[in-house]
Amino acid sequence: MWKDIRSLWSMLSPAQHRQIIMLQGLILTMALVEVIGVASILPFMTIVSNPDVLSGETFLAQLYQASGATSHDIFLFWSGVAVLGLLALSSLTSILTSWHIIHTGQRLGADLSIRLYQHYLLQPWLFHSTHHSATLTNHIAGECHRVMSQIINPLLQLNARIATSTLLLVTVFLVNPVAAAIGAVAFFSIYAVLFMTVRRRLSHIGEQTSAAGRRRYRLMTEGFGAIKELMLLGRQPQFIADYTDSAHDLARQQGNMNALAQLPRYLVELTAFGAVIMLVLYLLRADNGDSSTLLPLLSLYALAGFKLLPAFQQIYASLAQIRGNLPAFHAIKEDLEISQQTQLPQTVATEAVRPQQQIALEKVSFTYPGKSEPALNQISLSIPVNHSAAFVGPSGAGKSTCVDMILGMLPPDSGKLTVDDQTISDHNRRAWQNSIGYVPQSIYLADASIRDNIALGLSRGDIDEERLERAAALAHINEFVDQLPDGLNTLVGERGVQLSGGQRQRIGIARALYHDPAVVVLDEATSALDTISERHIMDAIADMRQQKTVIIIAHRLSTIQHCDTIFVIDHGHLVGTGTFAELSHKNGIFQTLVSHSEFS
């Protein structure tokens, strides 16, 4: 457990280290004030039980004389006020410290989730293609929250309670070493035995909690993502049943963990009452029944115990929470370590590598992780600038992988992507992608306005209205936008549910054209359009051919018939290149695709 805590500490930034170290000063101040408040009860109760101590040469007598009080009762009254003031100061200091502890823990947890979110968003496409989005969401929102609330916060509370308990025990030990030692050993032994007994159980519960949390996030993501299909198939009951099982499992595991964290409380309370009785008997015997000595000591022990018992319970509960939730830290530990090296670019590259001659793949091969067969095998092709090119082939042939390679989304295992003989690599990939407008088959739309969706990722103040209007016109959005009461400011709903498939697709095309790209890539982007809308889009694309390079993954014959070049891909190999007419006569695979109209 402590090894994991050291790992967590090493993942915090120097600024966070300083923040925690500064918090230690406040914690020590709180502990000292609390000890002073508890210790102040001893002289006060000494005066109450034996007013004669105000006479003679004792410290209390000298303090009484220096105070100027005219009687013992007045001095006793102001002594009580002073004790109450110290206890109030102790409470205020504890409130302030707790406030800072809680907010420090919340900020640390938020910083960890921000780090993970940034790390995931800055990962290459291959990472996202092999990781479930529900898992990443669970790491950011679920496991990070557990690390914050069930590890970081308990650690800070543990630190504060250990400091307070240590100073209180030292104070009691100085007054009566034997009683303090016996009490400390007794309570420590109870908590230690209980913790050693349940620690393995806590680890198991933590693992089950993580598993239930993952299932819950997956079911939420898949259930809402496929809601239309579930409604049509009537499969909601199965998803609800699965979610119910995972939610109940999560509640059961969290309940077990919380119960184990509170387990010692009642046993310790019983032990504490027994200890008080034994202490009274011990003090009566040690002081021969002198109540003037007994009452102050009992008051000190009672107040110290009032402070120590919750502190001991908090220490045990914190240890139990940390132990039980370490699996949450284990789930994100590797990503947190890697995220330390993930840096947000100081400036986003604004320059663009705009092709002047051609785009080419040179002997490119690529195999997806975990696969034995290459998705691309020694692919070599070139696309002249301001030409239109289409990729066709059977399903799974490697068309999308080939286009992803051109987009710079995948790194080749061998070979290279070049633009005008300039190799695209890590240092210029962003500039190359600045020249590309991409239209996927399935358009993502945020729950925002049409305007914001076209300029996705830009703040309102950064949107160029002239570019927006031009892109909207090219995508023929105005045909339906002009009929909406709020025009481009119309909200589209989550995932664009308030729009038709064709309307969503045209917004995606406008988004791709917004920054006036030199290269436009359409990944079966017209498949959701009606014939009239598709003709408008293809007319717009035809108008752009003299100014832009257009790359299409084909779905319909109409989208590729007029392309300058068609590439036929099969089993990761380039098996044909030519125009529609040329391939229709000489390429068997293309002839089969045409006869069956299979381009997806």
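Points to keep in mind about this one:
- Within the option set GLY25, GLY37, being out of contact with any Ser or Thr (no Cβ under 6 Å at 6 or more places or on another chain), in the same structural domain as VAL172 (by TED's automatic domain parsing) and closer than 22 Å to SER165 by Cβ holds for one residue only, GLY25.
For every residue, the table says whether it meets (1) in the same structural domain as GLY508 (by TED's automatic domain parsing); (2) farther than 30 Å from ALA226 by Cα; (3) surrounded by 14 or more Cβ atoms within 10 Å (Cβ to Cβ).
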| residue | (1), (2), (3) |
| --- | --- |
| TYR444 | yes, no, no |
| ASN453 | yes, no, yes |
| LEU456 | yes, no, yes |
| GLY461 | yes, yes, no |
| ALA471 | yes, yes, yes |
| LEU474 | yes, yes, yes |
| PHE480 | yes, no, yes |
| VAL492 | yes, no, yes |
| ARG495 | yes, no, yes |
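- Residue in the stretch 166-177 that is on the phi < 0 side of the Ramachandran plot, polar (S, T, N, Q) and not in a helix (DSSP H, G or I) present: yes
- Boolean, ARG467 is of a type outside the set (Gly, Ala, Ser), touching a residue at least 12 places away in the same chain (Cβ under 8 Å) and under 20 Å from GLN441 (Cα atoms): no
- LEU121 being hydrophobic (A, V, I, L, M, F, W, C) and either in contact (Cβ under 8 Å) with a residue 24 or more places away in the chain or under 28 Å from LEU23 (Cα atoms) (or both): no
- Complete set of residues in the stretch 363-417 that are of a type in the set (D, E, K, R) and buried (at least 17 other Cβ atoms within 10 Å of the Cβ): LYS399, ASP404
- Boolean, ILE21 is over 30 Å from ARG146 (Cα atoms), without any contact (Cβ under 8 Å) to a residue 40 or more places away in the chain and among the hydrophobic types (A, V, I, L, M, F, W, C): no
- Enumerated helices (runs of 4 or more DSSP H) restricted to the stretch 205-316, each holding at least 3 residues that are basic (Lys, Arg) and either modelled with pLDDT of 85 or more or closer than 29 Å to MET30 by Cβ (or both): none
- In the stretch 233-260, the residues that are buried (at least 17 other Cβ atoms within 10 Å of the Cβ), out of contact with any Leu (no Cβ under 8 Å at 6 or more places or on another chain) and under 13 Å from TYR217 (Cα atoms): LEU250
- Only listed residue being within 27 Å of SER558 (Cβ to Cβ), of a type in the set (Val, Ile, Thr) and not assigned by TED's automatic domain parsing to the domain that holds ASN138, chosen from ILE424, ILE383: ILE383
- Restricting the stretch 473-502 to residues that are touching a Lys or Arg at 6+ places or on another chain (Cβ under 9 Å) and in a helix (DSSP H, G or I), the residue that is modelled with the lowest pLDDT is ARG495.
- Some residue of the stretch 98-116 being in contact with a His (Cβ under 9 Å, 6 or more places away or on another chain), modelled with pLDDT of 85 or more and of a type in the set (Ser, Thr, Tyr): yes
The values are calculated or read from the model by the stated rules, or taken from the named source; none is laboratory data. Keep in mind it's a predicted model, so treat the numbers as computed, not measured. Don't worry about glycine lacking a Cβ; one is built from the backbone with ideal geometry, like all the others, and counts go over all protein chains shown.
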